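Okay, handing you the structure first.
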Amino acid sequence: VGQNGEDGPGAEGGAIWIASGASPVIKNCLIRDNSILGGFGGTGYSADEFHNAGRGGWGGWAYGGAIYCDVTSSPTFINCRIIDNQAIGGVGGNGGTWDPEGGRANHGGNWSRAEWWDRDPETLDWVWVQGDLWEVWLTTYIAGDTYWQGDPYIGDYRWYSGYGGGVFINRASVAPGINNCLFYPVWVVWMLRPDFNILI
């Protein structure tokens with residue numbers, strides 16, 4: 001009781017992971033039929049007489065179905081074919097269910113909006129939030145509260161999805177040199193949990 005669902009782990013680089021600061025030259029390669037899947041968020045605990053339900057855990061990110069380029073990397077690709085690769089973001093967990101004698105249901109994972117109620121899973125309290133809910137959860141984590149389980153997700157919820165079916169180039173990386181390469185087709189999928197709970 002009183003716990004949020006675990007956040008799904010992120011995943012990077014279905015075939016190749018290029019480390020921060022690295023500058024490899026990759027020539028004459030076929031990088032084909034790779035996929036990467038972000039971890040699924042866990043279900044929030046159900047409410048009881050004294051606690052609201054926990055929110056669903058965030059689905060993990062998936063960056064680079066074939067190739068992930070970490071920050072400050074600067075790879076070069078020459079005469080490569082990057083074919084039929086995909087990045088699939090993880091599914092958010094279900095929010096916990098309500099209790100007719102006490103606590104309310106909570107949000108499913110991968111859901112946030114501005115100006116909405118944040119339900120505390122450790123009490124029966126509700127707090128009206130002016131900004132986005134993920135910003136409140138970030139503040140709670142920094143303050144050392146116990147909302148978060150495992151490694152917390154920091155930053156805007158939109159980053160917890162699938163990006164870069166062929167190649168994902170992280171922030172502060174130098175644009176890669178891409179010479180005489182073919183990318184075809186590239187699949188990126190973002191998933192939200194279809195069976196979320198209705199907030200009561």
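The values are calculated or read from the model by the stated rules, or taken from the named source; none is laboratory data. Quick caveat, the model's predicted, so the values are computed rather than measured. We place every Cβ from the backbone using ideal geometry, glycine too, and count neighbours over all the protein chains shown.
Within the stretch 34-82, track down each residue that is among the aliphatic types (A, V, I, L, M), more than 19 Å from residue 18 (Cβ to Cβ) and in contact with an Asp or Glu (Cβ under 9 Å, 6 or more places away or on another chain).
Once the filter is applied, which keeps residues that are among the aliphatic types (A, V, I, L, M), more than 19 Å from residue 18 (Cβ to Cβ) and in contact with an Asp or Glu (Cβ under 9 Å, 6 or more places away or on another chain), the stretch 34-82 yields 47, 53.
Part of a loop (DSSP other than H, G, I, E, B) and surrounded by 18 or more Cβ atoms within 10 Å (Cβ to Cβ), is that true of residue 21?
In short, no.
Just one of the numbered conditions (1) buried (at least 16 other Cβ atoms within 10 Å of the Cβ); (2) more than 22 Å from residue 63 (Cβ to Cβ); (3) touching a strand residue (DSSP E or B) at 6+ places or on another chain (Cβ under 6 Å); (4) modelled with pLDDT under 85 is not true of residue 104; which one?
Condition not satisfied by residue 104: (4).
Return the residues of the stretch 157-189 that are surrounded by 18 or more Cβ atoms within 10 Å (Cβ to Cβ), modelled with pLDDT under 60 and not in a helix (DSSP H, G or I); say none if nothing qualifies.
Result: 188, single match.
Sticking with this structure for a sec: Tell me which residues, restricted to the stretch 100-121, are free of Cβ contacts under 8 Å to residues at least 40 places away in the same chain and touching a helix residue (DSSP H, G or I) at 6+ places or on another chain (Cβ under 7 Å).
Those that are free of Cβ contacts under 8 Å to residues at least 40 places away in the same chain and touching a helix residue (DSSP H, G or I) at 6+ places or on another chain (Cβ under 7 Å): 113, 116, 118.
Right, something else. Within the stretch 47-92, how many residues turn out to be assigned to a loop (DSSP other than H, G, I, E, B), of a type in the set (S, T, N, Q) and surrounded by fewer than 21 Cβ atoms within 10 Å (Cβ to Cβ)?
Matching residues across the stretch 47-92 total 3.
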